[in-house]
Amino acid sequence: MPAPLLLVIALLGALLAARPAQAQRAFYLDRVQIGGAPDDGLVTRRPYMSPETRIYGSTTLGYVVDALRASTVAASTRVEDKIENLIQQQLMGYFSGGIEIGGRVALGLSVPVAFAQSGGQVPIPGSRPPPPSLFTIDTGPALYDASLEARVLLYNDEPSKLRIGVGGALFVPSGNFSRGGSDNRVSFYLYGALEKALGPFLVVGSLGPHFRPLRGIDGSDSRLDVGSEVRVNTALFLDLFERLRVGGELNGMVGIAQNGPLVP
């Protein structure tokens with residue numbers, strides 16, 4: 001069995017054996033987790049690797065509006081009417097680099113950075129008392145948790161363009177927890193990826209669990225908890241020319257964490 005895959009299995013076992021966490025007042029906010037490999041989609045990770053060993057680097061910029069809405073956090077419409085969206089504007093940068101070895105194994109590193117994050121007012125000035133009981137996420141620039149990723153190509157049928165791969169990413173708690181840049185604990189994402197050519201189109205999908213500690217927005221008027229989830233990513237690509245590809249993606253998450261009491 002390849003060494004990266006053994007590492008993935010060992011890390012997954014360690015996380016599953018760890019004690020369950022309780023929710024805290026902030027969490028890793030960004031929902032876009034870019035793989036960063038040259039042939040990936042924006043979020044969807046392809047099982048394809050270059051037949052020749054290569055080193056790569058990439059930079060991606062993103063702008064997000066209303067990343068954390070009042071309706072997502074507020075426990076009631078009464079509370080929602082008293083607060084603005086907690087995070088309203090985000091300017092994100094994603095810095096990635098890695099190596100693909102012999103068309104079979106890849107190692108990568110991704111570091112997201114929020115160059116700017118702005119939030120609304122909690123409570124809204126002039127709203128009726130009592131003020132809502134919420135501990136908001138701090139605004140301002142933030143470093144997000146870095147991720148170390150390993151991938152293995154398990155099957156490759158070049159004539160039919162059918163490929164199957166597996167991978168895993170280890171998220172290191174290096175970000176700013178109070179500004180939504182970290183889960184403040186190591187987390188792990190494990191996935192399988194498959195792609196198949198259908199005429200001129202390339203259909204890609206990846207699926208797997210992200211094991212995260214239970215986090216949230218603290219306060220008696222908050223209903224938001226975020227924890228472990230299953231990530232579902234699909235993409236459709238069309239090569240117009242040799243070096244020009246267009247496509248679209250559909251990405252989603254399904255929570256699998258059990259709720260627990262909030263702690264400071």
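The values are calculated or read from the model by the stated rules, or taken from the named source; none is laboratory data. This structure is a prediction, so every number in the text was calculated from the model and none was measured. When we count neighbours, we look across all protein chains shown, and the Cβ atoms used for this are built from the backbone with ideal geometry, even at glycine.
Descriptive notes on the structure:
- Of the numbered criteria (1) touching a Pro at 6+ places or on another chain (Cβ under 7 Å); (2) on the phi > 0 side of the Ramachandran plot; (3) without any contact (Cβ under 8 Å) to a residue 40 or more places away in the chain, the one GLY103 fails is (3).
Rundown of residues vs (1) touching a residue at least 60 places away in the same chain (Cβ under 8 Å); (2) more than 20 Å from VAL172 (Cβ to Cβ); (3) buried (at least 19 other Cβ atoms within 10 Å of the Cβ), yes/no style:
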| site | (1), (2), (3) |
| --- | --- |
| ALA26 | yes, no, yes |
| LEU29 | yes, no, yes |
| GLY36 | yes, no, yes |
| ASP40 | no, yes, yes |
| VAL43 | yes, no, no |
| ARG46 | yes, yes, yes |
| MET49 | yes, yes, yes |
| TYR56 | no, yes, no |
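- Here THR60 meets each of (1) touching a Leu at 6+ places or on another chain (Cβ under 6 Å); (2) assigned to a strand (DSSP E or B); (3) of a type in the set (Val, Ile, Thr) with one exception, condition (1).
- Some residue of the stretch 185-194 being farther than 29 Å from LEU134 by Cβ, touching a residue at least 24 places away in the same chain (Cβ under 8 Å), touching a Gly at 6+ places or on another chain (Cβ under 6 Å) and buried (at least 21 other Cβ atoms within 10 Å of the Cβ): yes
- Candidate set: the stretch 248-264, residues that are at pLDDT 90 or above and surrounded by 11 or more Cβ atoms within 10 Å (Cβ to Cβ); chosen: the one farthest from ARG215 (Cα to Cα): GLY248
- SER206 meets the conditions (1) modelled with pLDDT under 95; (2) at negative phi in every case but one. The failed one is (1).
- The residue that is modelled with the highest pLDDT, among those in the stretch 212-225 that are crowded, with 21+ Cβ neighbours inside 10 Å and in contact with a strand residue (DSSP E or B) (Cβ under 6 Å, 6 or more places away or on another chain), is ARG212.
- Of all the numbered requirements in (1) assigned to a loop (DSSP other than H, G, I, E, B); (2) within 20 Å of SER182 (Cβ to Cβ); (3) small (Gly, Ala, Ser); (4) modelled with pLDDT of 90 or more, GLY103 misses one, and that requirement is (2).
- Taking residues in the stretch 69-82 that are touching a residue at least 40 places away in the same chain (Cβ under 8 Å) and assigned to a helix (DSSP H, G or I), and partners anywhere that are among the hydrophobic types (A, V, I, L, M, F, W, C) and surrounded by fewer than 20 Cβ atoms within 10 Å (Cβ to Cβ), the pairs with Cβ atoms closer than 9 Å and at least 6 places apart or on different chains are THR72/LEU224; VAL73/LEU224.
- For the criterion of being surrounded by fewer than 13 Cβ atoms within 10 Å (Cβ to Cβ) and either free of Cβ contacts under 8 Å to residues at least 40 places away in the same chain or farther than 29 Å from LEU162 by Cα (or both), GLU242 passes.
- Of all the criteria given as (1) at pLDDT below 95; (2) touching a helix residue (DSSP H, G or I) at 6+ places or on another chain (Cβ under 7 Å); (3) more than 23 Å from TYR28 (Cβ to Cβ), the one not satisfied by GLU84 is (3).
- Test: residue in the stretch 116-139 that is over 24 Å from LEU61 (Cβ atoms), part of a strand (DSSP E or B), among the polar types (S, T, N, Q) and in contact with a strand residue (DSSP E or B) (Cβ under 7 Å, 6 or more places away or on another chain): no
- Residues of the stretch 197-207 satisfying the condition of being without any contact (Cβ under 8 Å) to a residue 40 or more places away in the chain and in contact with a strand residue (DSSP E or B) (Cβ under 7 Å, 6 or more places away or on another chain): PRO200, PHE201, VAL203, LEU207
- Odd one out for LEU107 among (1) surrounded by fewer than 16 Cβ atoms within 10 Å (Cβ to Cβ); (2) farther than 27 Å from VAL172 by Cβ: (2)
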